[in-house]
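K.L.:
This is the structure, below, for whatever I ask next.
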Amino acid sequence: MRIAFISFHGCPIAPLGEKDTGGMNVFLRESAKELGQRGVCVDIFTRRHDPRDPQVIELGTGARVIHLDAGPLRENKRLLFQHIPQFVENLNAFLTANPTTYDLIHSHYWLSGPVALELGNRWNVPVVSSFHTLGEVQRLVRAGTADAEQRVGIEHAVAKDANVLVASSPHEREQLIRLYGADPGKSYVVPCGFDREVFKPIDQFKARRELGLDADKIILFVGRMEPIKGIDVLLTAAAAMDTDVDYQIVIIGGSEGDEEKQRLRAMAHALGIESRLNFVGIIEHQKLPLYYSAADVCVAPSFYETFGLVPLEAMACGTPVIAARVGGLTATIADGKTGYLVPWHCPEPYAERLDLLLGNDLLRESFGKAAYASVRELTWSVVADRLEEAYDQALGGRLRLMQAIACLT
């Protein structure tokens, strides 16, 4: 069994924390590796992001990344749509030079949808589609967010024509059905996962010593430098806390040239907390457990998250999370048990919950233990199990049949 992942704009090996990299990139890489180990081989076709990368990179047994040229390397995401024909042309050229057939196509993000539908018709194979974020929802929660004008129309077409849709949370599945008219019978929920060997609790003192963090309390944010992530809410909340505790806000993600980072620096200066702000920048994904374990609390004040990989990883390291009550975050965090869900994008309720957690060691420890226990089974193996269920439906039962035959032989 061989599957083609189409991820036009998001490369699974691109550094996390850049403007257009995040949880989707991790999902692509880790799910492909897990499926490949099971004998379901995956080729991830993606747009080249770094001229130094070879065209083909092996991720592991049965999984590889295939880079294709399509427009300028640093093209604005809003302009990428016009380069889809070149991407398809180069994909076909690669397969002409390296003959390969696929049993199924899985597209990721709206830009990959048209590619998958065109190739699905050409190859006569089913198409599974994941959106990861939905344009209709982004328009509702963050009016004025710039995006390609074709996006919503294409999402509706893909939701209608794909054989199976994969949502990352029950909330996203509901939005697909309500806003896009998706067929409930072909809509699956497949969450993100984590590597239990990597993301696990580390002694806080040891983690802080290794990272050189010496504040009494550490508040952590991990993610891209974008307004939709709500980092300004976190900064205003921290400045409004009713505490004399020595705290530091550690922010992972973004590069020095990001306009959003410069805006946040100026904001912190105006709030009088610039000295408490520690921009770490982009780090290796494998190093994140040190930061999660060093932190007293991880904050995710996003305006929109279809799933939210960062809170999951933080909880897997035994760190409580304060997050916005939006999207998939509501399925990951149990309010008042593993962290807090804040229903308003106002700094005051975040400040109240930060004060409560940072000022109560026993409560924070209780939340951390409960957080770890609640997510520890959500590994990439479980994700692959659910993906195989979705693929089996798209293939009319052929995947399970082939697996059963393989077991007998």
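Any read-out appearing in this document is the output of simple, stated calculations on the displayed coordinates, not a laboratory observation. Note that the coordinates shown come from a computational prediction; the quantities given were computed from them, not determined experimentally. Every residue, glycine among them, receives a Cβ derived from its backbone with ideal geometry; neighbour counts consider all protein chains shown.
K.L.:
If you restrict to DSSP beta bridges whose two residues both lie in the chain, what percentage is antiparallel, to the nearest 5?
P.N.:
Close to 10 percent.
K.L.:
Could you run the Karplus curve 6.51 cos²θ - 1.76 cosθ + 1.60 with θ = phi - 60° over the range 113-120 and give me ³J(HN,Hα) per residue in whole Hz, x for Gly and Pro?
P.N.:
Along the range 113-120, the couplings run x, x, 4, 5, 5, 5, 5, x Hz.
K.L.:
Further question on the same structure: Going by the alpha-carbon gyration tensor, a ≥ b ≥ c the square roots of its eigenvalues, is the range 119-243 rounded (a/c under 1.5) or, if a/c is not under 1.5, prolate (a/b greater than b/c) versus oblate?
P.N.:
Working: a/c = 3.01, a/b = 1.80, b/c = 1.67.
In terms of gyration-tensor shape, prolate.
K.L.:
Calculated from DSSP H runs of 4 or more alone, at -39500 (n - 2.57) each and per residue, what is the 222 nm mean residue ellipticity of the chain, nearest 500?
P.N.:
Calculated mean residue ellipticity at 222 nm is -12500 deg cm²/dmol.
K.L.:
Here's something else I'd like to know. What whole-number distance in Å separates the alpha-carbon centres of the range 219-260 and the range 272-320?
P.N.:
10 Å
K.L.:
In a Gaussian network model over the chain where Cα atoms closer than 10 Å are linked, find which of 157, 97, 32 has the largest mean-square fluctuation.
P.N.:
97
K.L.:
If you average the C-alpha positions of the range 322-346 and of the range 360-389 separately, how far apart do those two centres end up, in angstrom?
P.N.:
Taking the Cα centre of the range 360-389 as reference, the centre of the range 322-346 is 15 Å away.
K.L.:
Past 23 Å, Cα to Cα, is the threshold; run 287/369; 33/337; 33/200; 261/337; 200/337; 77/200 against it and keep the listed order.
P.N.:
On the way: 287/369 21 Å; 33/337 33 Å; 33/200 20 Å; 261/337 32 Å; 200/337 19 Å; 77/200 34 Å.
Pairs exceeding the cut-off: 33/337; 261/337; 77/200.
K.L.:
While we're looking at this one, here's another question. Check which residues have an amide H placed less than 5 Å from residue 247's amide H, if you skip close sequence neighbours.
P.N.:
Those lying under 5 Å, H to H, from residue 247 are 217.
K.L.:
A further question follows. Quick one: if you stick a label point 7 Å off each Cα along the C-beta vector at residue 177 and residue 203, how many nm between them?
P.N.:
Computed distance between label sites residue 177 and residue 203 equals 4.9 nm.
K.L.:
With a/c under 1.5 counting as rounded, go ahead and sort the chain into rounded, prolate or oblate using the C-alpha gyration tensor (a ≥ b ≥ c being the square roots of the eigenvalues; past the cut-off, prolate if a/b is larger than b/c, else oblate).
P.N.:
On the way: a/c = 1.83, a/b = 1.63, b/c = 1.12.
Taking the square roots of the gyration eigenvalues as a ≥ b ≥ c, the chain is prolate.
K.L.:
For the chain, what does the relative contact order come out to in percent, with C-alpha contacts under 8 Å and a separation of six or more?
P.N.:
16 percent
K.L.:
How high is the relative contact order of the range 204-375, in percent, counting Cα pairs under 8 Å that sit 6 or more residues apart?
P.N.:
25 percent
K.L.:
Another question about this same structure. If packing is taken as the average count of other Cβ atoms within 10 Å, what order do 158-164, 188-194, 275-281 fall into, highest mean first? Walk me through the numbers before you get to the answer.
P.N.:
On the way: 158-164: 19.9, 188-194: 22.4, 275-281: 16.1.
Sorting 158-164, 188-194, 275-281 by mean packing, highest first, produces 188-194, 158-164, 275-281.
K.L.:
Let me ask something else about it. 5 Å is the cut-off here: which amide hydrogens, built 1.01 Å from N in the peptide plane, fall below it relative to residue 63, excluding neighbours closer than 5 in sequence?
P.N.:
Those qualifying (amide H under 5 Å, at least 5 residues apart or on another chain) are 42.
K.L.:
In the range 172-247, if the dipole is taken from +1 on Lys/Arg beta carbons and -1 on Asp/Glu beta carbons about the Cα centre, which of 239, 221, 205 is farthest to the positive end?
P.N.:
Result: 221.
K.L.:
Turning to a different aspect of this structure: Please identify, among 308, 62, 336, the residue showing maximal mean-square fluctuation in a Gaussian network model of the chain using a 10 angstrom Cα cutoff.
P.N.:
Top of the fluctuation ranking is 336.
K.L.:
Read phi for every residue in the range 76-93 and hand back ³J(HN,Hα) as whole Hz from Karplus 6.51 cos²θ - 1.76 cosθ + 1.60, θ = phi - 60°, with x for Gly and Pro.
P.N.:
Per-residue couplings from phi come out as 5, 4, 5, 9, 5, 3, 5, 9, 4, x, 5, 4, 5, 4, 6, 5, 5, 5 Hz.
K.L.:
Can you compute 3J(HN,Hα) from phi for each residue in the range 39-54, using the Karplus curve 6.51 cos²θ - 1.76 cosθ + 1.60 with θ = phi - 60°, rounded to whole Hz and x for Gly and Pro?
P.N.:
Each residue of the range 39-54 in turn: x, 9, 6, 10, 10, 9, 8, 9, 6, 4, 10, 9, x, 7, 6, x Hz.
K.L.:
Another one. What is the order of 224, 122, fewest Cβ neighbours within 10 Å to most?
P.N.:
122, 224
K.L.:
Skipping prolines and chain starts, which residues have an amide H placed within reach, meaning under 5 Å, of the one on residue 300, given they are 5 or more residues away or on another chain?
P.N.:
322, 323, 324
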